[in-house]
Each structure stands twice: as structure tokens, then as C-alpha cells.
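Scroll down for the structure; my scribbles are underneath it.
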Amino acid sequence: MATPLRLLSSRCLSAAAKDGKLPSMRISHLFPSASPNAYAPTVRYQSTSDNAKIKAPPMVYIQGEEMTHYATQLLLQQWIVPHFDLSAWETYDLSCKSRDDTNDQVLKDAVDAGKRIGAIFKEPTITPSAIQVQEMGLKKAWGSPNGAMRKGWNGITISRDTIHIEGIQMGYKDQVLFERHAVGGEYGAGWNEVGQGTLLTTYIPDDGSAPFVVDKRDLTDKHNVCVVYHNPYDNVRELAHIFFKRCLEHKVTPYIVTKKTVFKWQEGFWRTMKQVFDDQYKDQFLKAGLLDRSGGDLTHLISDAATMQLIRWTDGGFGMAAHNYDGDMLTDQIAQVHRSPGFITSNLVGKSDDGTLIKEFEASHGTVTDLWNDHLAGKETSLNPLGLVEALMGAMSHAANLQLEKKPNDKSTVQMHAFVENFVDTLRTSIHNTFRYGQGTRDMCGPTGFTTEDFIAKVAWRLNRYLDAQQLKEAEKEKAPQLAESDLEVPKSKMLEYDQTAILKLFSKYDKTGDGKIDFKEFSAMLVKMGVAPKKQ
């Protein structure tokens with residue numbers, strides 16, 4: 001068993017944790033001592049006692065590796081463990097070494113657990129290349145676990161949305177939603193390299209009717225790669241309902257993306273989406289005024305055009321749905337326009353045999369190998385964990401919702417659900433305010449930004465302050481702190497000595513957004529330009 005991660009301070013990590021791995025199985029193994037808080041950093045603002053912890057609902061936690069795994073361990077210990085008993089979580093280690101040691105049984109166990117429990121949080125994992133197989137000493141190049149998960153959980157769609165922080169300008173002004181068909185396409189293709197000859201793709205019906213040739217082609221080249229795949233369409237209606245409901249909820253205009261002008265076989269995707277829209281959603285979108293920008297109807301976009309519109313429509317306020325591969329490529333483009341993959345959510349939606357929704361949440365980016373190598377070399381790193389923690393919060397919220405659906409009249413379940421929802425809202429506010437106050441990671445704040453460890457510690461400090469304030473007010477939710485102080489009391493006679501019109505003109509000069517407020521960035525610029533900003537000593 002690997003040595004547990006021990007935090008000596010917000011910036012100091014013991015050598016025992018340098019491999020970035022912690023034990024698998026249950027989350028309690030992360031903290032073998034009687035008190036998990038023994039591993040909390042000394043800088044944490046201590047407020048919540050062990051007795052006040054809420055037992056978190058059952059959830060599957062899938063561990064990955066490298067920098068994202070390291071960051072997740074930090075934020076779990078500092079943000080989650082002080083407030084929750086995680087004994088009901090089931091943890092599965094999908095690192096390459098663990099998959100190799102178990103001959104991928106750990107992946108099968110994780111899929112079974114996800115199907116049984118229905119709420120999953122997944123860290124980014126590595127799908128090893130041929131070079132990595134040699135470097136890691138693996139038995140084989142294990143395939144991506146995502147395909148097994150999508151199949152095992154009857155995957156319908158992968159929902160990906162832009163993340164926004166009020167007061168900070170991102171790539172898109174308003175939210176962008178995306179539904180990516182979770183099954184079929186190139187990802188499940190069969191293929192082989194062949195020479196000259198004839199290729200037949202033959203369909204043999206299950207009902208005993210006569211087989212027929214779907215495609216026949218003569219191969220005249222000496223070197224060919226033949227690829228065969230299909231797109232399952234049974235769940236496209238379910239995808240349509242998920243997509244249109246989410247677009248209505250977030251008040252965005254829906255678009256359907258295919259390449260059906262050339263790939264005629266994609267016509268069925270568009271036709272099904274359009275039928276569901278016309279039958280059940282069009283009137284709602286018209287009443288909400290959400291079709292004004294699309295000519296009063298659901299609009300189809302050729303995938304080529306969609307790539308251009310994603311760059312042009314930076315005001316946001318739209319949603320797109322597409323096939324599996326197109327969805328993968330287009331959401332990568334959205335991530336780049338919106339600053340980075342760290343500001344995009346990723347949520348696989350599937351369905352259990354009894355019809356209950358299975359939801360798996362993960363960051364849309366990878367394991368961040370470059371920062372991991374820097375970390376191993378003893379260099380400072382600055383990983384933005386926002387995508388990771390959005391996934392974690394989404395999984396925790398879904399787990400709480402599933403328990404409430406099972407026991408809607410159970411007092412302890414109702415209390416747990418309310419605690420989780422309030423905690424998630426407060427944690428999100430804590431993270432966003434940390435960015436707003438100029439205390440974010442270096443991708444947001446430049447070279448003076450916080451390191452990975454310091455950012456996580458700062459959010460922990462702020463989170464506990466907010467939660468303590470709520471407790472002092474008998475759990476009444478407090479509005480997010482504003483970047484403002486109480487109005488200064490200046491005698492009216494004194495104010496009359498100054499030119500109010502000139503003051504208003506000066507204020508408007510620095511109120512870039514025209515909302516009647518000056519945020520921290522605008523205030524800083526104002527002080528610098530006026531020559532009254534305090535300089536570093």
C-alpha cells in the first residue's frame with residue numbers, strides 16, 4: 001500500500017507522496033488515522049468539528065494520475081474532508097499501473113459500481129501510447145476507459161458547458177452549451193490494413209430475414225486502411241429531450257450540427273432532433289424569444305459552418321448538439337475560445353436498467369503532464385482546478401439528488417441534501433471570489449498568481465469563513481461578498497464644494513462595463529493612472 005499523502009504546510013509536500021498516488025478502494029483508505037483532519041494543512045481556517053460532519057451520499061470516485069490527481073487530493077483534504085464523512089464513497093484507481101496490475105479488472109469493477117450507484121466523479125486518466133507502454137513497463141497498451149464507461153452506463157450524451165465567473169471576462173460573454181452523442185462513430189470502429197481485393201460489409205438481421213450487403217468496394221491500391229463503424233440512433237430522442245430542456249433552462253438558442261450534405265447517413269440524427277423539437281419544444285422556445293436569432297425555427301448547421309460560428313459568436317447564448325466525433329472536436333474549439341479546457345464542464349449522461357439517470361462528471365482536460373513533470377522536478381506549479389472541482393461538485397450534487405429521490409420523506413436525507421446543495425453553492429462562490437479578488441492561479445492572474453497549493457489553501461480559508469458566517473446566522477445563506485465597502489459618510493456641505501458633474505464624468509471613464517460599478521481591475525487601473533496607487537516597498 002502506498003504511503004498516504006501528508007501535508008506539512010500549504011506549500012510543502014512529503015517525499016512519500018511524490019509518486020502522486022494514494023491507495024485505491026474506499027476513500028477512508030486515504031486517511032487511515034482516526035481523525036482525517038490530522039492531515040489538514042496548518043494554514044486551514046479550522047471551524048468545523050468532526051461531530052458536525054455530514055455523511056456524504058454514495059458516490060463512485062475514479063482516480064487518475066499525474067498533476068490532476070495530485071491537485072484533487074489536495075482539494076479533497078482541504079475542501080471536502082473537513083465537512084463530510086466520505087465512508088460511503090467507493091474509490092477505484094484507474095492509473096495505468098493499477099489497470100496493468102489487475103488486467104483491467106479495476107475498470108470493470110468501476111463500471112459496475114457506477115451502474116449500481118449512479119453518481120460518478122472521474123479524474124483525468126492516461127490512455128498509454130506505445131512509448132508509454134515501454135516507459136511504464138506495462139503489459140499492453142490499455143484502451144481508453146471512456147468507451148467501456150459509455151457502453152456500461154448506456155451513454156446518451158456528453159454535456160459540455162462553458163464556466164463563467166461574474167465580473168471576469170472570458171472567451172464567451174454568456175453561456176454556451178453542447179450535447180455530444182456519447183456512442184458510436186469512429187471511436188468504436190473496426191479496422192484493418194489490407195491490400196488489393198474486395199471489401200464487403202454485410203448486414204445479417206436478428207429476425208432471420210435475408211442478409212444484404214451494406215457496402216461493396218473494390219480495393220485497387222496495394223496499401224489500404226479499411227474502417228467500419230456505425231451510429232446507434234435509438235437514444236437520439238433522449239438526447240434531444242436532454243438538450244432542449246437544458247437550452248430552455250439556460251435560456252440559449254439551440255442548433256443542430258451535422259455534415260449531412262455529404263454524409264447522407266447523418267440525416268437521421270437531424271430528422272429525429274427536429275421532430276422532437278417541433279412536437280414538444282418549439283412553442284416554448286418561441287414564447288421565450290429564444291429563436292429570434294435563428295429565424296424563428298430550429299436551425300441546422302453544417303459542421304464546417306459551426307467551426308466558424310464558434311469563433312464569431314463570442315456573445316455566447318447558444319447551444320449545439322452533434323454526433324460523437326464532431327462533438328469532441330467542436331467542444332475542444334469552444335474550450336480554446338473560452339480561454340482553456342479548464343473552463344469547460346464535461347458530464348456523461350447515461351441510464352440504468354430501471355430508467356434512473358447515471359451521471360459521470362469529469363474535467364474536460366487531461367492529466368496536465370507538463371505541470372506534473374515540473375512538480376516532480378521540485379518546481380512551483382500553478383494548476384487551475386476549476387474544471388476538476390466543477391466535476392466533483394456536480395457528482396456530489398447528483399448523488400444527493402438520487403438519495404432524495406429514493407427517500408423524499410426521510411428527515412436525515414432531506415437535511416443531507418440541503419447541506420450538500422448549500423455547500424456546493426458556497427464552495428463555488430469561494431472559488432469565484434478568490435479569482436475575482438486577484439488571488440487566482442497564473443493562467444488567470446499572470447506571473448504573480450498563486451501556486452497550486454496556495455490557491456487551494458486560500459479557497460479553503462475563504463470557504464470556512466463563509467460556512468462559519470452561515471452557522472453564526474443559524475445557517476441562513478449569505479449573499480456572495482461584494483467588492484465594495486460601506487458608503488463613506490461625508491457631510492453634505494462638504495460635497496457641495498466639489499463639481500459632481502466632473503466626478504460623474506471621471507467615474508464613467510473607468511466604469512468600463514457601464515453597470516454603475518467599478519470592479520477591482522477597473523479600480524486598480526484608475527489608481528495607477530491617477531498616480532495614487534500604493535507601490536511595493
* Report, in deg cm²/dmol and to the nearest 500, the calculated mean residue ellipticity at 222 nm for the chain, where each DSSP H run with n ≥ 4 adds -39500 (n - 2.57) and the sum is divided by the residue count. => -12000 deg cm²/dmol
* Could you pull out every residue, at least 5 positions away or on a different chain, whose amide H is within less than 5 Å of the one on Asp93? Hs are placed 1.01 Å off N in the peptide plane, and Pro or chain starts have none. => Met25, Gln63
* Asked: Given a cut-off of under 8 Å on Cα pairs at least six residues apart, what relative contact order in percent is computed for the chain?
  -> 16 percent
* Asked: Check Thr441: other-chain or 5+ apart residues with amide H under 5 Å from its amide H, H built from backbone geometry?
  -> Phe450
* Area of Leu291 that stays accessible when all protein chains are in place (1.4 Å probe, Å², to 10) -> 0 Å²
* Residue-wise, which Karplus ³J(HN,Hα) couplings in Hz belong to segment 437-444, taking 6.51 cos²θ - 1.76 cosθ + 1.60, θ = phi - 60°, and x for glycine or proline? -> 7, x, 10, x, 6, 6, 5, 9
* Asked: Sorted by mean Cβ packing within 10 Å, highest first, what order do the peptides 161-169, 518-526, 110-118 take?
  -> 110-118, 161-169, 518-526
* To do: Any chance you could look up the accessible area of Leu86 with a 1.4 Å probe, heavy atoms only, rounded to 10 Å²?
  => 10 Å²
* What residues qualify as long-range amide H neighbours of Thr253, i.e. H under 5 Å apart, gap of 5 or more or another chain, H built at 1.01 Å from N? -> Phe318, Gly319
* To do: Pull up the cross-link candidates among the lysines for Lys140, meaning alpha carbon to alpha carbon under 29 Å and not fewer than 8 places away within one chain.
  => Lys18, Lys21, Lys97, Lys108, Lys115, Lys122, Lys151
* **3J(HN,Hα) from dihedral phi, segment 141-158, Karplus parametrisation 6.51/-1.76/1.60, rounded to Hz, x for glycine, proline** => 8, 5, x, 4, x, 4, x, 5, 5, 5, 6, x, 9, 6, x, 9, 8, 10
* Asked: Going from the alpha-carbon gyration tensor of segment 187-307, what semi-axes, largest first and in whole Å, does one get by taking the root of 5 times each eigenvalue?
  -> 38, 18, 11
* What nm distance separates the two modelled labels at Glu193 and Asp468, each placed 7 Å from Cα along Cα→Cβ? -> 6.4 nm
* Given +1 on the Cβ of Lys and Arg, -1 on the Cβ of Asp and Glu, and no further charges, what dipole in debye does the chain carry about its Cα centre, rounded to the nearest 20? -> 860 debye
* **Ranking by accessible area, most exposed first, for Ile302, Ile503, Ile358 with a 1.4 Å probe** => Ile503, Ile302, Ile358
* Extension reserve of the His250-Gln132 stretch, reckoned as 0.36 nm per residue once the Cα distance is removed -> 38.3 nm
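In whole percent, and with a 1.4 Å probe on the protein chains, what portion of the accessible area of segment 54-131 is carbon and sulfur?
Values: 1070 of 2040 Å².
That share works out to 52 percent.
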* Asked: Which whole-Hz ³J(HN,Hα) couplings does segment 190-202 yield from phi under the Karplus relation 6.51 cos²θ - 1.76 cosθ + 1.60, θ = phi - 60°, glycine and proline marked x?
  -> x, 7, 6, 8, 9, x, 6, x, 10, 10, 10, 10, 10
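Can you send over the carbon and sulfur percentage of the accessible area for segment 136-199, probe radius 1.4 Å, protein chains only? Kindly include the intermediate steps, with their values, before the conclusion.
Working: 1390 of 2930 Å².
Answer for segment 136-199: carbon and sulfur cover 48 percent of the accessible area.
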* Please list, or write none, the aspartates and glutamates whose alpha carbon is within less than 17 Å of the alpha carbon of Lys216, excluding same-chain residues fewer than 8 places away. => Glu193
* Structure fact -> Result for segment 234-386: accessible area per residue, probe 1.4 angstrom, in square angstrom, of 44 Å²
* To do: Taking all protein chains together and a probe of 1.4 Å, list Lys406, Lys359 from the most accessible to the least accessible.
  => Lys406, Lys359
* Taking the Cα centre of segment 213-285 as the origin, how large is its charge dipole in debye, to the nearest 20, when only Lys and Arg (+1) and Asp and Glu (-1) carry charge on their Cβ atoms? -> 180 debye
* Asked: Dividing the alpha-carbon radius of gyration of segment 160-201 by 2.2 N^0.38 Å (N being the number of residues), what value is obtained?
  -> 2.30
* To do: Can you give me the three principal axis dimensions of segment 336-440 from its C-alpha atoms, in Å, biggest first?
  => 51, 34, 30
* Structure fact -> Whole-percent carbon and sulfur contribution to the accessible surface of segment 353-426 (1.4 Å, no ligands, DNA or RNA) stands at 49 percent
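Taking Cα atoms of segment 208-267, Rg/Rh with Kirkwood Rh, to two decimals?
Values: Rg = 18.4 Å, Rh = 15.9 Å.
Result for segment 208-267 is an Rg/Rh of 1.16.
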* **Given charges at beta-carbon only (K, R positive; D, E negative), |dipole| of segment 104-203 in Debye** => 280 debye
* Could you state how much accessible area Arg428 has, in square angstrom rounded to the nearest 10, with a 1.4 Å probe and all protein chains kept in place? => 70 Å²
* Structure fact -> Sorted list, accessible surface of protein heavy atoms, 1.4 Å probe, largest first, for Trp270, Trp191, Trp265 is Trp191, Trp265, Trp270
* To do: Provide, as a two-decimal number, the C-alpha radius of gyration of the chain over 2.2 N^0.38 Å, N being how many residues it has.
  => 1.09
* **Fraction of antiparallel bridges per DSSP, the chain only, in percent to nearest 5** => 50 percent
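The values are calculated or read from the model by the stated rules, or taken from the named source; none is laboratory data. The structure presented is a predicted model; accordingly, all values stated were derived computationally and were not measured. So basically every Cβ, Gly included, is an ideal-geometry build from the backbone, and we count neighbours across all protein chains shown. What goes into the accessible areas is simple: the full protein's heavy atoms, side chains included, and nothing from ligands, DNA or RNA. Shrake-Rupley method; radii C 1.70, N 1.55, O 1.52, S 1.80 Å.
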